[in-house]
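Engineer: Once you've had a glance at the structure underneath, I'll fire off some questions.
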Amino acid sequence: MSWAWVTVSHPSVVPGLVGNAIIHTTTQNDRTAIPLRSVYSDGLQTYVFVEEASTRSSAEYKKRNVKIGGRRLSSGGSANPIVEIVQGDLYPGDRVVVKGGHELSSLFFLGVLKLTEVDRKRLGIETVTATQQPIANAIPLAATITLPPENRSVASSQLAGTIHSHTLSPGKEVQAGEVLMEITSPEFYALQVDLLRTILDANLSRQRSRRLEDVSSDAVSRRVLLETVAKADQLEGRAESLKRQLVSLGLNADEVDAVAREKQILDHLPIRAAIDGRLVSWVGTLGETVVANQALIEIQNLSSLWIEAHVPTQLMDAVSMQSRGQASVLSNPDVHFPVAVARIGPIVSETTRTQRIWLTLDPNPKRERGETTSPLLTHRVGNLRDGMQLTVLLKSTAGPTGLVVPTNAVLRDGLRAFVFVQKPDDYVERRRVTTGRSDGEFIEIIDGVAAGEAVVSAGSRELQTAFASLR
């Protein structure tokens, strides 16, 4: 990284302001560019309005789809950026509308939606074919995310003091051994002073015992020699005990050795992360007093997690270690992922008459049509948190055959369900459907889709936004 300085005479620029600067490093060829405020979007396509003809009484405008580049140039102030056009039916000299484009948008009638190859790639559109296949019977269960004990850590200070500094921020990723907070503690200071005093006394006693050993036995009492050696051993043992105590407080071995060797006392007690993970919560502000063993920082490692569910005893016959299913987040049903049973609890609750089971993420679920990787794994599940509520559909027995599509292909609009059907001519049709049984991965379509039709399985939310703009 290099530093660069520029001179600025704008009256609004004062010392301490932070912003972004664009430095033109090379000369580029001319590009077709337009003001950013002349670019509009309907949620699917980006377009501009071009004036085709104009008279005193009327004007003719044409809507042209464009693709803008990532480079921008400020012209006439930062409020009027200029963007380049990298794709589209737009040429130098065309007059584009920079004001009133939203009103013009309402005058253009869009009855159908046709996706180009570029649009499909940009929106991540994927399709599957509606087919006839068996749908497994599923057991719906309420579940909760829990963490293994080794994936949770609470950092605290074993000594009372005040918070001197910290490097905490919401969701920050930390590594084991990283210093998260520093505590100013008189007890910590006194402990180091005690260690240095003990080391000095131990060295003095050891040197004295060696001198006494060099003296002839007639000049010194044997008892005095033994007492001096015992005192040196006792002080050295106490010094080692103090070192171990400092290590238990949060210092590493190198820091303790540096204190003993260089006689340099540390000013603050470090609070370190015990595991790799993410900061979940913490308490305390700079200068706040903390008591000994007060929980200060909680760290969670979400690399592995458990999903805990309770199964009624009358349904336990259908649950085994080979059972698999689908889990969805209660607050956001769009986030769902495959799970597999990892453990079955041996005890039945006397009050609820249920038995606990634990599930884990299933990286390669077995599907009815072969051993493949489920497309549901494309959903990001990194935002799962301890205590999050889930709904699990656990497959039990094979069910009857029906016309099915992936569950994520079906969207809800109030009380109705619909899917997007990709036609052979690149047009996309939004179609109401009647749904039936579901095993979490697939859902039965009773009416609305015929076997063999291509149904959009990824990018449906983006298509819904585009259809909302159709008039």
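Engineer: Those residues that are among the acidic types (D, E) and crowded, with 17+ Cβ neighbours inside 10 Å, I need them from the range 160-201; list them, please.
Structural biologist: The answer is E182, D201.
Engineer: Let me ask something else about it. Only one of E236, E227, E182 is farther than 30 Å from G436 by Cβ, modelled with pLDDT of 85 or more, in contact with a strand residue (DSSP E or B) (Cβ under 8 Å, 6 or more places away or on another chain) and not basic (K, R). Can you tell me which?
Structural biologist: Of the residues listed, the single one that is farther than 30 Å from G436 by Cβ, modelled with pLDDT of 85 or more, in contact with a strand residue (DSSP E or B) (Cβ under 8 Å, 6 or more places away or on another chain) and not basic (K, R) is E182.
Engineer: Considering each residue of the range 272-281, count those that are of a type in the set (A, V, I, L, M, F, W, C), assigned to a strand (DSSP E or B) and either modelled with pLDDT of 90 or more or touching an Asp or Glu at 6+ places or on another chain (Cβ under 7 Å) (or both), and give that number.
Structural biologist: Final tally of qualifying residues: 1.
Engineer: Now for a separate question. Determine whether Q314 is under 27 Å from D194 (Cβ atoms) and either surrounded by fewer than 16 Cβ atoms within 10 Å (Cβ to Cβ) or among the basic types (K, R) (or both).
Structural biologist: No: the conditions fail for Q314.
Engineer: Show the residue pairs meeting these rules: Cβ distance below 7 Å; 6+ apart or different chains; first residue within the range 200-226 and closer than 25 Å to L242 by Cβ; second residue at pLDDT 80 or above and basic (K, R).
Structural biologist: S205/K231
Engineer: Does P170 qualify as being assigned to a loop (DSSP other than H, G, I, E, B) and not small (G, A, S)?
Structural biologist: When the stated conditions are applied, P170 passes them.
Engineer: Pairs only if they're at least six apart or on different chains, beta carbon under 8 angstrom, first in the range 180-194 and within 24 Å of V283 (Cβ to Cβ) and touching a residue at least 40 places away in the same chain (Cβ under 8 Å), second assigned to a strand (DSSP E or B) and charged (D, E, K, R); list them, first residue then second.
Structural biologist: Final answer for the pair search is L180/R272.
Engineer: Kindly evaluate D317 against the criterion of being farther than 13 Å from V392 by Cβ, modelled with pLDDT under 80 and in a strand (DSSP E or B).
Structural biologist: No, not satisfied.
Engineer: Return the total of residues in the range 374-419 being surrounded by fewer than 18 Cβ atoms within 10 Å (Cβ to Cβ), small (G, A, S) and at pLDDT 75 or above.
Structural biologist: Residues flagged as surrounded by fewer than 18 Cβ atoms within 10 Å (Cβ to Cβ), small (G, A, S) and at pLDDT 75 or above within the range 374-419 amount to 3.
Engineer: So, in the range 442-467, how many residues would count as being among the charged types (D, E, K, R) and at pLDDT below 75?
Structural biologist: 2
The values are calculated or read from the model by the stated rules, or taken from the named source; none is laboratory data. Note that this is a predicted model, so its numbers are computed, not measured. Every residue, glycine as well, gets a Cβ built from its backbone with ideal geometry; the counts of neighbours run over all protein chains shown.
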